[in-house]
Every structure is written in C-alpha cells, then in structure tokens.
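Notes for the one structure printed next.
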Amino acid sequence: MAELLPIAVVIPTRDRTAALRRTLESLSHQSVQPAEVSVVDASADGSTRSLCVETVTSLQSVVSWHRADLAGAASQRNQGVRGCSQPVIGFMDDDILLEPDCFGRLWRALQSDNRIGGVNAMITNQRYQSPGRISQIVFRLLDDRPESSYAGSVLGPAVNLLPEDREDLPEVVVVQWLNTGCTLYRREALPDPPFPDHFKGYSLMEDVTLSLTVGKSWKLANARTARIYHDSQPGSHKLDPAHVAEMELVNRHYVMTKVLGRNRFSDYLKLLLFELFSLASILQVPAGRTAFGATLSGKARACRLIVTK
C-alpha cells in the first residue's frame, strides 16, 4: 500500500486518453502518492471519463473527473484547483511518466525549507544545455551580467531556461521559475486564481507567470533527483506553427511587461534581439525551415496585437 500525502494533483487533458492512462499507471507505481487526483477534461468523447471511473491497479489516490467549463490548459487548471481540498497543490501534464520515488523526492524537497513555495521535477528528456558561443553572447546581452550558468533562470524579456542536471549539484536547487509538467506548490503560496485569464488554449508561458508570481514572496526549487520523462504527444494545439508563434510572442510580452514590470525601451530591444535569435535558430533544422514562413507570419500577427493593445 502506498503512503498518501496531503496533495491534490490537477491534470488538464483533452482527447488524449491513452497518454493519460500511461500517466495514471506511472503514478500508481509511486511508493507515495497524492491523496487526490483531479482530471479536468475538455475531450470531445467520454473515453477519458470512463478511464477515470475505472480502478487503476495500485493507484491509491482518489481520482475525480470534471468536465471542463472552458477548454484551455490554464482555465482547466484553475477549475481543478477550485475543487481541491489539500494544503499542497500539484500540477501535472497528461503525458508524464514518473521515475521511482519521484513524488517522495518532490515532497521532501518542499518540506526541506518552509520558505520554499514550490518545487518541480527534473525532465530527463528536456534539459538545460550549455550555450554555445553565440548563445552566450545573446544571453549576456539579455541578462546584463555574465553568469557561469543560466540554468533555471529567467533572462531579460522573460526568456526562461530549464534547470541543470549535474552530479555535483545538491538534490534541491534554487531556481527562478517552475514548469507545470510535475510541480508541487504550497496552497498558501498560490494566487487566486493561480493563472490569469489572459492565457487561452495551449496557454504557453502560463507556468512562468505563476512561478514568477509565487517567487516574489517564496523560494522556488528544482528537486533534481525527482525525475520524469515527458512523453510529449501530438495535439490540435500544436498543429498550426503560426498560431503557436503568435501565442508565444504575445504571452512573452505579457510576462515581460505585466509580471516582471519590464517596460523600458531597452527591454523591447532585448525582446527584439531574442526573437531574431530564435528565428535564426529554427533555420538550423529542417523542420524549422519548413515552418519558417508560418512562424514569421505568426510573429507578425503578434506584433500587430502588441502594438494595437
């Protein structure tokens, strides 16, 4: 029997029953498990609901299914939090596979310091890579100061970089932002609602917004040895590169100006520098070259939205 922790995990999902099943089965193999799992579902059919009423072998958590009031990652997470009763709120994607003792390590990291408001797991297949020479120059210009490592940082115009996984680092590493792939927050640290209504649909960068908001009053940390694999699945929200590019720039501008309060002319120059660097970077890979025209179109639409609003 797994030990149940006073955690309520919220999982937003939409038309990905097979991936969600693997995630719940992965959670069932943990030696410690959350007391509650709230699945907020925007699917077109009833297969996800059927999965949630089934008994997943060894899963001790109470799984509840909720029809999404409004489809969208941020709004579905907000809805899930409203219905949870535990003092610690967890956020998980519906395509996460947990390594042994992941939840136990996350819990211990959160309890290691009462000043820590949130912790997240290390994504084994999405890690910080040491920047090359050109990237170092760009990061240096964005950050206004040289750093030995930019891992786990948020630079200049809301450029968020993943945490670093090195054996010489401690198990709990202080960072500047947290993703929502597999993350725990003290409920008292969360704003109400956790995610602003600015974020729609795929809700790119809603995790940066939440963690930066919490980080104004609390410490944030990466539990380096709590590990997950992000079994990323296709979805309708990823099919239109123009829409994704537009959303990314609009939301980055929102985080830069509304959350970080960076509104100076120099901040906009840094945002322009990063966007040009990103466009140049995607030309280095075949898939990026194929989608370059659509990506450029999306960025142009985003610029018009930013100017007009």
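Listed values, structure above:
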item: The listed residue being β-branched (Val, Ile, Thr), in contact with a Leu (Cβ under 9 Å, 6 or more places away or on another chain) and surrounded by 17 or more Cβ atoms within 10 Å (Cβ to Cβ), out of VAL63, VAL40; result: VAL63
item: Near pairs, Cβ below 7 angstrom, 6+ apart or cross-chain, from the range 1-15 (on the phi > 0 side of the Ramachandran plot) to any residue that is open to solvent by 10 Å² or more (accessible area, probe 1.4 Å) and aliphatic (A, V, I, L, M); result: ASP15/ALA44
item: The one condition in (1) modelled with pLDDT of 95 or more; (2) within 28 Å of SER31 (Cα to Cα); (3) open to solvent by less than 90 Å² (accessible area, probe 1.4 Å) that GLU171 fails to fulfil; result: (3)
item: Meets criteria (touching a helix residue (DSSP H, G or I) at 6+ places or on another chain (Cβ under 8 Å) and either surrounded by 19 or more Cβ atoms within 10 Å (Cβ to Cβ) or farther than 21 Å from GLN76 by Cα (or both)) for LEU260; result: yes
item: Meets criteria (in a helix (DSSP H, G or I), without any contact (Cβ under 8 Å) to a residue 40 or more places away in the chain and open to solvent by 50 Å² or more (accessible area, probe 1.4 Å)) for ALA300; result: no
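For every residue, the table says whether it meets (1) over 29 Å from ALA8 (Cβ atoms); (2) open to solvent by 40 Å² or more (accessible area, probe 1.4 Å); (3) in contact (Cβ under 8 Å) with a residue 60 or more places away in the chain.
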residue	(1), (2), (3)
PRO87	no, yes, yes
GLU99	no, yes, yes
ARG115	no, yes, yes
GLY118	no, no, yes
ALA121	no, no, yes
GLN136	yes, yes, no
LEU141	yes, yes, yes
ASP144	yes, yes, no
LEU155	yes, no, no
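The values are calculated or read from the model by the stated rules, or taken from the named source; none is laboratory data. Please read these numbers as outputs of a predicted model, since none were measured by experiment. As a convention, Cβ positions derive from the backbone with ideal geometry for all residues, glycine included, and neighbour counts pool all protein chains shown. When the accessible area is computed, the model is the full protein with side chains, heavy atoms only, and any ligands, DNA or RNA have been set aside. Shrake-Rupley method; radii C 1.70, N 1.55, O 1.52, S 1.80 Å.
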